[in-house]
Amino acid sequence: MSTSYTLITGASMGIGEAFARNFADKGHNLVLVARSRQKMEHLAEELCQKSGVKVAVCVQDLSSINASATVYNFCKERYIKIDVLVNCAGLSWAGSFREIPLAKMEEIMMVNMKAMAHLTRLFASDMVEQKKGDIINVASLGGLQGVPGLGLYSATKAFVIALSESLYEELKDQGVNIVVVCPGFIETGFFEHSGHNVKKIRLPLSDVDVVVKAAVRGLKKRKIRVFPTSIDAILVFLQRLLSRKTVVRLAGFFAAVDAD
């Protein structure tokens, strides 16, 4: 007999870890997916002791071609039924697009787009069959326009937003709810990994818990898109009033990435 779980990618740090803690506090069994075995096993042990939930650790590099199928089979082999899927894993590169190593480009696109789409395709099919399921996709305000210095990242997040909105309409009458959360700048270790100098960012940084709570709230209210903070919502509204060139220029100003 299958046991219900929540699967979270990128669970070893930042927003993914915050999602894991939030769902564990609510009594959800978890499947944690990321590359760092040590971090996930430490988190799993902590959540098991604190919340009394079951936590399975799936060590997987989502930039690998067969990673999504491996994660899916990991669950099937253990009779784990995924009721909630949180696609949180993401990579970025700060700087000039023409200077991104080709291998890094492939890695970013694989994790941010292909792995997210593959996992959603695999688990959404099971959810439709069960007539029950929730999917949270983590995108970014950067996905609403191009961001100079973060061009590839913003393009991949535009993909996440467009696919999520399409699936929202496709799946809403089949028992599956999907929401895409679009945060601005969040206080995590994400910037350091991408080479982005966090001190130069010209907008306030939000806490990871703000993103998680907004996403969960949006899911319950069956919203299609969620903007975690009032600043995020204001920036999105202002896009309606400004020319596209100005919107892109401002995005680059706020991100403050040297793309020369």
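Scanning the stretch 13-46 for residues that are of a type in the set (A, V, I, L, M, F, W, C) and closer than 18 Å to Ile136 by Cβ yields Met13, Ile15, Ala18, Phe19, Ala20, Phe23, Ala24, Leu30, Val31, Leu32, Val33, Ala34. On the stretch given as the stretch 83-130, residues that are surrounded by fewer than 21 Cβ atoms within 10 Å (Cβ to Cβ) and under 28 Å from His28 (Cα atoms) total 14.
Quick check on Val53: is it among the β-branched types (Val, Ile, Thr), part of a loop (DSSP other than H, G, I, E, B), closer than 20 Å to Phe123 by Cβ and touching a Gly at 6+ places or on another chain (Cβ under 9 Å)? Outline the logic, then answer.
Working: among the β-branched types (Val, Ile, Thr): yes; part of a loop (DSSP other than H, G, I, E, B): yes; closer than 20 Å to Phe123 by Cβ: yes; touching a Gly at 6+ places or on another chain (Cβ under 9 Å): yes.
Yes.
Taking residues in the stretch 234-258 that are charged (D, E, K, R), and partners anywhere that are modelled with pLDDT of 80 or more and surrounded by 16 or more Cβ atoms within 10 Å (Cβ to Cβ), the pairs with Cβ atoms closer than 7 Å and at least 6 places apart or on different chains are Asp258/Gly95; Asp258/Gly149.
Scanning the stretch 212-260 for residues that are closer than 21 Å to Ile8 by Cβ and in a helix (DSSP H, G or I) returns Val212, Lys213, Ala214, Ala215, Val216, Arg217, Gly218, Leu219, Lys220. Filtering Arg225, Arg202, Arg217 for residues that are at pLDDT 90 or above, surrounded by fewer than 16 Cβ atoms within 10 Å (Cβ to Cβ) and basic (Lys, Arg) leaves a single hit, Arg217.
Exactly one residue out of Ile65, Ile80 is surrounded by fewer than 16 Cβ atoms within 10 Å (Cβ to Cβ) and of a type in the set (Val, Ile, Thr), and it is Ile65.
The values are calculated or read from the model by the stated rules, or taken from the named source; none is laboratory data. Fair warning: this is a prediction, and the values are worked out from it, not measured in the lab. Here the Cβ is made from the backbone with ideal geometry for all residues, glycine too, and neighbour counts use every protein chain on show.
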